[in-house]
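Shown next, in structure tokens, is the structure this report addresses.
What follows is calculated from the coordinates using simple rules that are stated; it is not laboratory data. Treat the numbers as computed from the prediction; the structure is a model and nothing was measured. Cβ atoms come from the backbone with ideal geometry, glycine included; neighbour counts cover every protein chain shown.
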Amino acid sequence: MSRRKIIAGNWKMNVKPSETAALVKAVAEATKDFASVEVVCCTPAIDVPAAVAAAAGTHVGVGTENCHWEDHGAFTGEISTGMILDAGAKYVIVGHSERRQYFGETDETVNKRARAAIAAGLTAIVCIGETLEEREAGKLNEVIERQMKVGLAGVTAADCAKLVIAYEPVWAIGTGKTATPDQAQEVHALIRATLAGLVGAETAETVRIQYGGSMKPSNAAELLAKKDIDGGLIGGAALKAADFAGIVAAANA
Ligand code: PGA
């Protein structure tokens with residue numbers, strides 16, 4: 001089964017609307033020769049219109065970093081999937097560990113957001129991953145299985161065409177500490193096996209599982225060479241087109 005590699009930037013809260021076109025255009029230019037790879041920039045919601053305009057006519061897809069599960073209503077500060085689609089984005093990150101850590105996101109709200117995103121026709125990049133404390137306490141498998149089972153409850157095999165899972169060990173995000181390729185592969189295999197239990201083995205084989213956490217040009221190739229690592233969710237290195245393109249190049253190899 002060959003799964004198309006997907007490299008997505010997660011800009012977090014780092015790029016202004018006025019800076020967005022330049023970064024998207026630089027990413028498009030620097031990655032244009034790596035056509036085998038699905039390339040995405042997930043931006044702050046306020047940057048989406050500028051990102052969509054800059055990406056028009058290129059191979060770069062645009063996404064955002066969160067969505068609400070309701071279609072509209074009195075949810076001050078939230079953004080619906082319909083708004084994201086209307087603005088021209090096609091992807092949304094759901095359940096990033098920073099949302100879980102700082103904004104009260106739970107497996108249950110991750111589930112609501114993921115299902116709403118998929119139902120709307122967005123590709124949901126659903127993030128899971130353990131903290132260092134959980135890993136050291138021997139709870140890695142338990143945490144991953146819970147995040148999968150609760151976070152993806154009700155997601156069907158048909159829905160999986162619009163699902164990407166990002167494994168991001170919390171201890172590796174923005175810290176410069178990367179999981180070793182073997183450590184990452186072990187968890188990716190667990191994720192795929194857990195997914196097989198939810199939607200069937202055949203469908204689970206088709207779902208891309210990204211690694212995220214200090215991925216950069218110098219370590220991307222060895223991570224992406226692993227059997228169940230199908231791409232990357234890139235924070236820091238997504239803010240410089242050359243670094244991001246180096247990762248896309250590794251995925252294209
Ligand atoms: P990082 O972030 O690449 O800066 O570690 C990854 C992420 O949080 O998605």
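List of remarks:
- Mean separation of Cα contacts under 8 Å, 6 or more apart, over the residue count of region 1-121: relative contact order %: 22
- Scalar couplings 3J(HN,Hα) for region 56-66, obtained by applying the Karplus form with A = 6.51, B = -1.76, C = 1.60 to θ = phi - 60°, are 4, x, 10, 8, 7, x, 10, x, 10, 10, 5 Hz; x denotes Gly and Pro.
- Partner lysines whose Cα lies under 25 Å from the Cα of K90, excluding those fewer than 8 positions away in the same chain, are identified as K5, K12, K16, K25, K32, K112, K149, K162, K216, K240.
- Taking amide H as placed 1.01 Å from N in the peptide plane, the amide H of V207 sits under 5 Å from none that are at least 5 places away or on another chain.
- For G61, the residues 5 or more places off, or on other chains, whose built amide H falls under 5 Å of its own are V39, V40, C41.
- As a length-normalised measure over Cα pairs under 8 Å and 6 or more apart, the relative contact order of the chain settles at 22 percent.
- Here the alpha carbons of the chain define both size measures, Rg and Dmax, at 16.6, 49 Å.
- Amide H partners (placed H, <5 Å) of K5, local residues excluded: E38
- Diffusion of region 102-177 by Stokes-Einstein, at 37 °C in a medium of 0.692 mPa s and with Rh set to the Kirkwood radius over alpha-carbon pairs, works out to 249 µm²/s.
- For the chain, the mean residue ellipticity at 222 nm estimated from helices alone is -12500 deg cm²/dmol, where every DSSP H run of n ≥ 4 contributes -39500 (n - 2.57) and the total is divided by all residues, rounded to the nearest 500.
- Radius 9 Å from Cβ of P181, net charge of other residues (Lys, Arg +1; Asp, Glu -1): -1
- For region 6-252, share of DSSP beta bridges that run antiparallel, in % to the nearest 5: 0
- Charged-residue dipole, Cβ positions (Lys, Arg, Asp, Glu), the chain about Cα centre, Debye nearest 20: 400
- Span-like helix criteria (full DSSP H runs; alpha carbon extent of at least 15 Å along the helix axis; mean Kyte-Doolittle hydropathy of at least -1.0) are satisfied in the chain by 17-30, 107-120, 140-151, 181-199, 241-252.
- Which of C41, N14, A242, positive extreme of dipole for region 6-252 (C-beta unit charges): A242
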